[in-house]
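K.L.:
The structure is given below, and queries will be raised subsequently.
The values are calculated or read from the model by the stated rules, or taken from the named source; none is laboratory data. All of these numbers come straight from a predicted model, not from anything done at the bench. Virtual Cβ from ideal backbone geometry, glycine too; neighbours counted across all protein chains shown. All accessible areas refer to the heavy atoms of the entire protein, side chains included, with ligands and DNA or RNA removed. Shrake-Rupley method; radii C 1.70, N 1.55, O 1.52, S 1.80 Å.
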Amino acid sequence: RGFLLCQSCGGLHTGGKSKGRSAYYYYYRCKKCNGENYSANKVHNEICEILKHLSLDKSYIEALKIESEIQLEVNLKDRNQKLQKINLEYTAISEKINALEEKYITNKIEQSTYEKWFPIFSKDLNGKTMELDELKKDDSKTRELYNTALPYLTDLHWIYNQANIEGKQTFLKGIFLGGFAKEKVGGRTGLLNPIFHPNSLKIGALLRTGGGESSSNLATFPVCTRRGT
């Protein structure tokens, strides 16, 4: 619930259960559309099968590590350039505040002039301070996250099984960016996270893709590496 979509109306499926002779049977269904009713066990098995096939090859992970290091170095260079620029702007504003205060103390400007410009300069200075704090953040944790987290993408099914219900929803939403509409067999997503797209071609019977936003608009996801994988 909260993830599966109806293939007919696009609304979210709800969960339910019905009592058999000796046990309860769980299912997902759409409240609006007739016939959109699926065994929970079947849905879960299909999702797990899809995740197994979408899992990345180890060689692909190694290529992504190399690509991430290159990108992090590029970002570091850009950040250092921005840091120099913001430092100069910070210094210039500080000098303006010092000059304003000196003129006010020596009665070279009226109090009204001081009260007009001091809040403006102070606001600009606070903004530059926040930008500097952001640019000075340590990248070591980001690098560590790449190196430790990427290998787990070779077994998406294992990750899925470790998560609680909320974690499962979040995880699946990060893979099926266009949502997941349940069909009679498998499902359809308008947009699959581009990192998994090459493997999706292997499971056309269980997962259909397309009709969503172009992957070229998703700059935060590595569509492919420099080696073409």
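K.L.:
Counting residues that are farther than 25 Å from SER59 by Cα, which helices (runs of 4 or more DSSP H) fully inside the stretch 108-170 reach at least 1?
P.N.:
The qualifying helices (runs of 4 or more DSSP H) are 111-135.
K.L.:
Separate question: Collect the residues in the stretch 18-33 that are under 29 Å from GLY178 (Cβ atoms) and assigned to a strand (DSSP E or B), keeping them in residue-number order.
P.N.:
Within the stretch 18-33, TYR26, TYR27, TYR28, ARG29 meet the criteria.
K.L.:
I want to confirm something. Restricting to the stretch 110-128 and keeping residues that are in contact (Cβ under 8 Å) with a residue 12 or more places away in the chain and over 16 Å from ASN80 (Cα atoms), which single residue is most open to solvent (accessible area, probe 1.4 Å)?
P.N.:
TRP117
K.L.:
Kindly provide the set of residues from the stretch 136-151 that are modelled with pLDDT under 85 and either under 19 Å from the mean Cα position of the chain (by Cα) or among the aliphatic types (A, V, I, L, M) (or both), ordered by number.
P.N.:
Residues satisfying the conditions are ASP139, LYS141, THR142, ARG143, GLU144, LEU145, TYR146, ASN147, THR148, ALA149, LEU150.
K.L.:
Looking at this structure, is ASN107 on the phi > 0 side of the Ramachandran plot and either modelled with pLDDT under 95 or open to solvent by 60 Å² or more (accessible area, probe 1.4 Å) (or both)?
P.N.:
yes
K.L.:
Can you find, within the stretch 129-160, the residue that is surrounded by the fewest Cβ atoms within 10 Å (Cβ to Cβ) among those that are more than 27 Å from ASN193 (Cβ to Cβ) and among the aliphatic types (A, V, I, L, M)?
P.N.:
Of everything passing the filter in the stretch 129-160, MET130 is surrounded by the fewest Cβ atoms within 10 Å (Cβ to Cβ).
K.L.:
Further, regarding this structure: Determine, yes or no, whether LYS65 is part of a helix (DSSP H, G or I) and either closer than 20 Å to THR209 by Cβ or open to solvent by 80 Å² or more (accessible area, probe 1.4 Å) (or both).
P.N.:
So LYS65 fails the test.
K.L.:
With the condition kept exactly as written, say whether any residue in the stretch 12-22 is under 20 Å from SER200 (Cα atoms) and either at pLDDT 95 or above or of a type in the set (A, V, I, L, M) (or both).
P.N.:
Checked the stretch 12-22: no residue is under 20 Å from SER200 (Cα atoms) and either at pLDDT 95 or above or of a type in the set (A, V, I, L, M) (or both).
K.L.:
Yes or no: LEU72 in contact with a Ser or Thr (Cβ under 8 Å, 6 or more places away or on another chain), farther than 30 Å from LEU207 by Cα and surrounded by 13 or more Cβ atoms within 10 Å (Cβ to Cβ)?
P.N.:
Yes.
K.L.:
Still on this model: Check whether at least one residue in the stretch 183-199 is modelled with pLDDT of 80 or more, open to solvent by 70 Å² or more (accessible area, probe 1.4 Å), part of a helix (DSSP H, G or I) and of a type in the set (A, V, I, L, M, F, W, C), and report yes or no.
P.N.:
No, the stretch 183-199 contains no residue that is modelled with pLDDT of 80 or more, open to solvent by 70 Å² or more (accessible area, probe 1.4 Å), part of a helix (DSSP H, G or I) and of a type in the set (A, V, I, L, M, F, W, C).
K.L.:
Out of curiosity, is TYR160 of a type in the set (Ser, Thr, Tyr) and within 30 Å of ASN41 (Cβ to Cβ)?
P.N.:
Yes; evaluated as a whole, the condition is true for this residue.
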